[in-house]
Each structure stands twice: as structure tokens, then as C-alpha cells.
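Below you'll find the structure, written out as C-alpha cells, and then a few comments.
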Amino acid sequence: MFDIYTIIFLALAVFIFIRLRSVLGQRTGRERPPYDPYSRRDPAKAPAGASDKIVNFPGTAEPANVPEPVEPEEAPSSPRRWAGVAELGSAVANGLDAIAAQERGFDVQHFLTGARAAYEMIVVSFAQGDRGTLKELLAREVYDGFAAAIQEREQRGEKMETQFVGIEKAEIIEASVKGRTAQITVRFLSQLISATRDRAGTVIDGDAELVADVTDVWTFARDLGARDPNWKLVATEAAS
């Protein structure tokens, strides 16, 4: 038979087992495996719908889901900050610095790409009399001038034909911030085939077969910090 001490130790062992079970729990078969610091980590899954946004160059392997190192943002007036766009210490570089200081996401190369696209769209839309597209790209005062020219052309029964050949160069010649409004002036060197015909179809201006070199100086502006990321054309000037 058990003596009193054996019974006490048995009761104490049962009590300790029950306490450990309540603290540590029990295995259910659904536990995560122990963490292994040397195991190969699985790449994070891309959000749904993101796979169709990855573009591969021909002949290259599928991109690895490894984030590329992020380089620190170039400091204002850094020689690399506006490389290929503006010289260090120039008025244009200082103006771009002022814009970037108020809008950290500003990308001058992205701006130039958009400006080139906007230039082509505006030139073609004006020739076609597409007021809807122009209204989205032009400031109110500029749009009113373009719309008035289109209306006069239509009243005279004239038709403008423009074929956009391409842009040879687009360079920033001015940049500034006035209050919360950024302004960037771009000189475009482009090639166009343009002709205006009267009601009878006779060319009265331009040449329907000649590729002409055209130089335009356009100023774009937008309110810094605004939710609308688009720049609008606020001034135009034909340069010789």
C-alpha cells in the first residue's frame, strides 16, 4: 500500500502535469514548423492582378521576386541629380531643386516623357478640332485661344491636316516655383507635315508633302501637392 508521502507526491505530480498542459497547450497537427534561420525563405506573393504588370525583355529569364536595393535620394544640387537635363548650379537646376523640395516624388525624366506625349496629342488634337482632348490638357486661358482658332477655321470651311513625324529634342529651358505652383518651360524641336485646305480642297497654307522643322516653346504648370498629378499647358510660343 502507498504511504502518506507517496500519495502527496502523486497528487503534486498530477497537479504539475495539469498546469503544464494548460500553459503549453496540446498538439493538434496544425502547428507552424519551428523557425529555421538557415532555411530558404519563400518569396512573398505578389498582389492579385499584379502579374500582368511585369514586362520582360525578350530572351531574359523571369524576374526574381527579390526587391532591388533602394538608392538614397540625391541631395539638392548634387551633380547627378539632374544629369542630362540641367547643369549643376544653373537656373534650371535651381528651379528643379525648388520643385523637388516641395514634392518629393518629382521625377524630371517622367515629366519630360509626359511632356513629349502631351505635345504630340495637343498638336494632333488641334488639327483635328478635338476640343475634348484639348480641354483635358490645356489651362483655361490657353484652351479658350485654341477653341477660338478652331471655331474660326470651321466657319471658313477650312480643314487642317497634320501628320506628326516625331520629336527630335525636348529640353527644359526654365523651371520655377511660384507659391504652390510649379512651372516648367520646354523647347520642342519637332518635325511635322501640315497643310490647311479651303472648302474646295486647295492647299492655302503649309505643304501636304513637305516635312517641316518646327520649334515650339511651351510652359506647363501644376499645383504642387495636388491630388491631380497632371501638368497642363499654360503658355505657348513659336520660336524661330
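So here's what we get for this one:
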{"item": "Selected residue [open to solvent by 60 Å² or more (accessible area, probe 1.4 Å), under 23 Å from VAL214 (Cβ atoms) and polar (S, T, N, Q)] from GLN109, GLN128", "result": "GLN128"}
{"item": "Residue in the range 149-156 that is open to solvent by less than 40 Å² (accessible area, probe 1.4 Å), more than 22 Å from ALA86 (Cβ to Cβ) and not in a helix (DSSP H, G or I) present", "result": "no"}
{"item": "Residue ID - modelled with the highest pLDDT, chosen from residues in the range 101-126 that are within 16 Å of the chain's Cα centre (by Cα) and of a type in the set (Phe, Trp, Tyr)", "result": "PHE111"}
{"item": "Complete set of residues in the range 127-140 that are of a type outside the set (Lys, Arg) and in contact with a helix residue (DSSP H, G or I) (Cβ under 6 Å, 6 or more places away or on another chain)", "result": "GLY129, THR133, LEU134, LEU137"}
{"item": "Residue list for the range 216-240, restricted to those being open to solvent by 30 Å² or more (accessible area, probe 1.4 Å) and among the β-branched types (Val, Ile, Thr)", "result": "VAL234, THR236"}
{"item": "Lone qualifier among GLU120, GLU174, GLU168, GLU209 - being touching a strand residue (DSSP E or B) at 6+ places or on another chain (Cβ under 8 Å), closer than 19 Å to GLU237 by Cβ and exposed (fewer than 14 other Cβ atoms within 10 Å of the Cβ)", "result": "GLU168"}
{"item": "Selected residue (criterion: surrounded by the fewest Cβ atoms within 10 Å (Cβ to Cβ)) from residues of the range 75-100 that are of a type in the set (A, V, I, L, M, F, W, C) and more than 18 Å from the chain's Cα centre (by Cα)", "result": "ALA75"}
{"item": "Residue tally, condition in a strand (DSSP E or B), farther than 20 Å from ASN230 by Cα and not basic (Lys, Arg), over the range 180-220", "result": "17"}
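The values are calculated or read from the model by the stated rules, or taken from the named source; none is laboratory data. Bear in mind the structure is a predicted one, so any value in this text is a computation, not a measurement. Heads up, the Cβs are rebuilt from the backbone with ideal geometry, glycines too, and the neighbour counts pull from every protein chain shown. To get the accessible areas, we keep the full protein, side chains included, count just its heavy atoms, and leave off ligands, DNA and RNA. Shrake-Rupley method; radii C 1.70, N 1.55, O 1.52, S 1.80 Å.
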